[in-house]
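These notes are about the structure you will find just below.
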Amino acid sequence: MKNVKSVLSVKFKSNHSPEKLMQICHEDLEIFRNVPGLVEKYYIGEEGTGAISGIYLFETQSARSDFWTSELAATIPSRYAVIPETLRVEEYEMAIVLNEKVSA
């Protein structure tokens with residue numbers, strides 16, 4: 001895996017049905033594959049609440065920032081029918097990676 005330095009978590013509930021959300025997520029895969037500096041994106045669902053999250057792994061903090069201020073990111077609330085009061089965005093810097101080889 002490429003070197004991941006920065007993480008973005010976008011969690012929310014949606015007015016879309018789970019089926020509609022999965023359809024949109026599949027439609028958007030190729031778009032997200034082309035985001036500069038984005039190494040991986042995970043789509044995850046919280047079983048207890050029905051909230052969904054996008055977990056984005058970026059090569060750099062600036063790549064994360066560029067994405068979050070992009071036109072693509074600006075479409076997330078409407079495209080995914082985000083319920084505004086449920087939106088939670090968190091930014092992280094990578095500290096330790098479990099399976100990363102460590103040099104002595």
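The values are calculated or read from the model by the stated rules, or taken from the named source; none is laboratory data. Computed from a predicted model, the values in this text were never measured in an experiment. The accessibility values were calculated without ligands, DNA or RNA, using every heavy atom of the protein model including side chains. Shrake-Rupley method; radii C 1.70, N 1.55, O 1.52, S 1.80 Å.
Points worth noting:
- Surface analysis of the chain yields an accessible area of 68 Å² per residue, using protein heavy atoms and a 1.4 Å probe.
- Volume per residue of the convex hull around the Cα atoms, evaluated for the stretch 49-104, comes out as 122 Å³.
- Sequence-separation-based contact order of the chain, relative, with Cα cut under 8 Å and 6+ spacing, percent: 44
- Kirkwood-type radius of the stretch 1-103, with distances r between different C-alpha atoms, in Å: 14.5
- Share of carbon and sulfur in the accessible area of the chain stands at 54%, probe radius 1.4 Å.
- Where Cα atoms sit under 24 Å apart: lysine pairs in the chain separated by 8 or more or lying on different chains: 9
- Rh (Kirkwood; distinct C-alpha pairs) - the stretch 16-61, Å: 11.7
- C-alpha long axis of helix 18-33 to longest principal axis of the chain, angle in °: 40
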